[in-house]
Amino acid sequence: MADTERKLGEFGAAGDDHVVPFEVGPLDVRGRMVQLGPLLDQILARHDYPEPVARLLAEAVVVTVLLGTSLKFEGKFILQTRTNGPVDMLVADFATPRSVRAYARFDAERLETLLAAGESAAETLLGTGVLALTVDQGQHTQRYQGVVQLDGITLEEAAKTYFRQSEQIPTDVKLAVGKQVMPGAGGREYWRAGGLLAQFLPKAPERMRAPDIHGGDGDHDLSPRELADNAWQELLALAATIEPTELLDPTVGSERLLYRLFNEHGVRVFNSVPVLDECSCSREKIRGILGGFSAEEITDSVEDGLIRVNCEFCSKKYEFEPTEFTEAV
């Protein structure tokens, strides 16, 4: 038997930087779980943000990966916050089938003042504003965008609100971010993150009418069987038992954690989806953008005889000779 073949009863572990889709049939629940390791560490190490900013961006990356890998078409999923807090913008985008990139913008002075006062909660650092979740299928298509108000809530809570308001799908989201010292790393700490997204997608219409979904006076006509149906509440109770350390622990793994949660009901996992730290910037793309500048804009962009452009996502630096845009000028 080849080494790559599995024996009866065995299953492969996806490992870090792979999204694992799953299904719990008896509860009518489908979802995805992910543990991010090297990918996340590369992104955050490249930017070298203050730790509270890095934690927020890590959460944004997890949400983006969980949602972006669900796209069934060629396109992009983009998460962006715009708020009045010291961390006034987070951007993470996922390009199908597997590329993710991200960056944050913050006011260093305001951030330092808050941290010195012991104010480091995510809600405080974000402040108030909006979270926009955008699906872009490319040219000749209309973008779909859902917007959630950020007013003293975390990204985890905002993601749940998005699905409740925009998609009208009962959804639970769990996020965890942390740093670990890996064996043989010489004491260096590495960023890790994990996430779970679970959705209630019943096939039977009456299950959507169950009191654990809607509640209220309108449920008086439900049968005793329907009244006893608490599948979604059971999912919420099980998900509430997840410890942040479990989502982060590479020795647990997504499949093992899913089994811990749902073994009594039976959980089915599907082929994992790999995700990579990849930026879509290129010299050609940036040159194309600069080629659309006016003569005045080109002149204003010149510094020490060159036009310099830094990619905010991957920090790659590009240099252009002004004479490359003579025709545009």
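The values are calculated or read from the model by the stated rules, or taken from the named source; none is laboratory data. Quick caveat: nothing in here was measured; it's all calculated off a predicted structure. Please note: Cβ atoms are built from the backbone with ideal geometry, for glycine as well, and neighbour counts cover all protein chains shown.
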Discussion item. When you scan region 162-175, do you find a residue that is under 20 Å from Ala54 (Cβ atoms), in contact (Cβ under 8 Å) with a residue 40 or more places away in the chain and either surrounded by fewer than 16 Cβ atoms within 10 Å (Cβ to Cβ) or basic (Lys, Arg) (or both), even just one?
Written reply: yes
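Output the residue which, of all residues in region 52-86 that are among the polar types (S, T, N, Q) and part of a loop (DSSP other than H, G, I, E, B), is farthest from the chain's Cα centre (by Cα).
Kept after step one, since they are among the polar types (S, T, N, Q), are these residues of region 52-86: 64, 69-70, 80-81, 83-84.
When the remaining residues are screened for being part of a loop (DSSP other than H, G, I, E, B), the result is 69-70, 84.
Details: Thr69: 10, Ser70: 12, Asn84: 21 Å.
Once the filter is applied, the top-ranked residue is Asn84.
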Worksheet, complete the sentence: Taking region 80-95 and keeping only residues that are crowded, with 19+ Cβ neighbours inside 10 Å and under 17 Å from Glu112 (Cβ atoms), one is left with Gly85, Pro86, Val87
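With respect to Leu261, determine if the residue is more than 19 Å from the chain's Cα centre (by Cα), in contact (Cβ under 8 Å) with a residue 24 or more places away in the chain, under 15 Å from Gly31 (Cβ atoms) and part of a helix (DSSP H, G or I).
Details: more than 19 Å from the chain's Cα centre (by Cα): yes; in contact (Cβ under 8 Å) with a residue 24 or more places away in the chain: no; under 15 Å from Gly31 (Cβ atoms): yes; part of a helix (DSSP H, G or I): yes.
Spelling it out, it is not the case that Leu261 is more than 19 Å from the chain's Cα centre (by Cα), in contact (Cβ under 8 Å) with a residue 24 or more places away in the chain, under 15 Å from Gly31 (Cβ atoms) and part of a helix (DSSP H, G or I).
Yes/no per residue for (1) of a type in the set (Lys, Arg); (2) over 18 Å from Ala58 (Cβ atoms); (3) surrounded by fewer than 20 Cβ atoms within 10 Å (Cβ to Cβ):
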site	(1), (2), (3)
Ala104	no, no, no
Glu112	no, yes, yes
Ala117	no, yes, yes
Thr124	no, no, yes
Gly129	no, yes, yes
Arg143	yes, yes, yes
Gly146	no, yes, yes
Gln149	no, yes, yes
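On the basis of being of a type outside the set (Phe, Trp, Tyr) and under 18 Å from the mean Cα position of the chain (by Cα), does Val135 make the cut? Don't jump to the end; show me each part of the working.
Working: of a type outside the set (Phe, Trp, Tyr): yes; under 18 Å from the mean Cα position of the chain (by Cα): yes.
It is true that Val135 is of a type outside the set (Phe, Trp, Tyr) and under 18 Å from the mean Cα position of the chain (by Cα).
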Worksheet item: If you go through region 104-122 one residue at a time, do you hit one that is modelled with pLDDT of 95 or more and in a strand (DSSP E or B)?
Response: yes
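Considering only region 284-329, state which residues are within 23 Å of Asp93 (Cβ to Cβ), hydrophobic (A, V, I, L, M, F, W, C) and assigned to a loop (DSSP other than H, G, I, E, B). Don't jump to the end; show me each part of the working.
So the first thing to find is which residues in region 284-329 are within 23 Å of Asp93 (Cβ to Cβ), and the list is 284-290, 292, 309-318.
In the following step, the residues that additionally are hydrophobic (A, V, I, L, M, F, W, C) were identified as 286, 289-290, 309, 311, 313-314.
Across region 284-329, the qualifying residues are Cys311, Phe313, Cys314.
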Worksheet item: Name the pairs whose Cβ atoms lie under 9 Å apart, with the first residue in region 144-159 and more than 10 Å from Thr128 (Cβ to Cβ), the second loosely packed, with under 13 Cβ neighbours inside 10 Å, and 6 or more positions between them or separate chains?
Response: Gly146/Gln165; Gly146/Glu167; Val148/Gln165; Thr154/Ala121
